[in-house]
Each structure stands twice: as C-alpha cells, then as structure tokens.
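Written out below as structure tokens is the structure these notes cover.
The values are calculated or read from the model by the stated rules, or taken from the named source; none is laboratory data. Not measured: the values here are computed from a predicted model. Neighbour counts run over all protein chains shown; Cβ positions are idealised from the backbone, glycine included. These area figures cover heavy atoms from the full protein model, side chains too; ligands, DNA and RNA do not enter into them. Shrake-Rupley method; radii C 1.70, N 1.55, O 1.52, S 1.80 Å.
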Amino acid sequence: MTRGALFVAGTAAALLSVAAPAMASTAQYCGAGRGLTAEVAVQGAIDDAQNSASGDGRFHCELEGQPQIFEIFDDPNFGHIFRASVIMNCD
C-alpha cells in the first residue's frame, strides 16, 4: 500500500510540475460587447474577455492595443448602437 501511495504522489507531483508553467503563461482572449454608448460597448467587451479568461483560471488581464468600436445606425432591434471588440492578455 505504501508503494502505491508513493506512486500516486509522485505522479501527481510530476503532473503539477508540468502544468504549473503552462498556467503561468499569458493567453489572449477576445471579447465583444454592445451598448447605447461607445463606453458601455467597450466595457461589455472587456467584461466578456475577462469572464472567458476566468473560466480558464486566469484572473489578471490587461488590454492589448486599442478597442475597436463600430457605430451602427440601422440595428433592427435598437436602431443606433455601438459595438466593440477587445483583445486582452490574461495570466
């Protein structure tokens, strides 16, 4: 029984040593949002990217570049709205 427990503990330690550096790396997440103002659309896009990253265990995100903002004048549901897209680097 002791040999089996040591084998399991060694296997777990080996897996954690491989997974830890992978989790420490930075990953990119894209987010999208919409709103009646450009600021609301950008914040929605940031929240979208951060929510996706947090699902992967990444809780520290920084915006990469500038948000892309699109002004829409003929949205079938809301008329005049803004849409935004962001890329976030998260670790």
(message) Step by step: first the residues of segment 41-61, then only those that are out of contact with any Lys or Arg (no Cβ under 8 Å at 6 or more places or on another chain) and touching a residue at least 40 places away in the same chain (Cβ under 8 Å), then the one that is farthest from S25 (Cα to Cα). Which residue is that?
(response) V42
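Being aromatic (F, W, Y) and surrounded by 11 or more Cβ atoms within 10 Å (Cβ to Cβ) is the requirement here; does F70 meet it?
Working: aromatic (F, W, Y): yes; surrounded by 11 or more Cβ atoms within 10 Å (Cβ to Cβ): yes.
Yes.
From the list V40, V86, which residue is at pLDDT 95 or above, open to solvent by 60 Å² or more (accessible area, probe 1.4 Å), aliphatic (A, V, I, L, M) and in contact with a strand residue (DSSP E or B) (Cβ under 9 Å, 6 or more places away or on another chain)? Let's see the steps before the verdict.
Values: V86 fails: open to solvent by 60 Å² or more (accessible area, probe 1.4 Å).
Just a single option satisfies the conditions, and that option is V40.
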(request) Kindly provide the set of residues from segment 21-79 that are aliphatic (A, V, I, L, M), within 12 Å of C90 (Cβ to Cβ) and part of a strand (DSSP E or B), ordered by number. (result) A27, L63
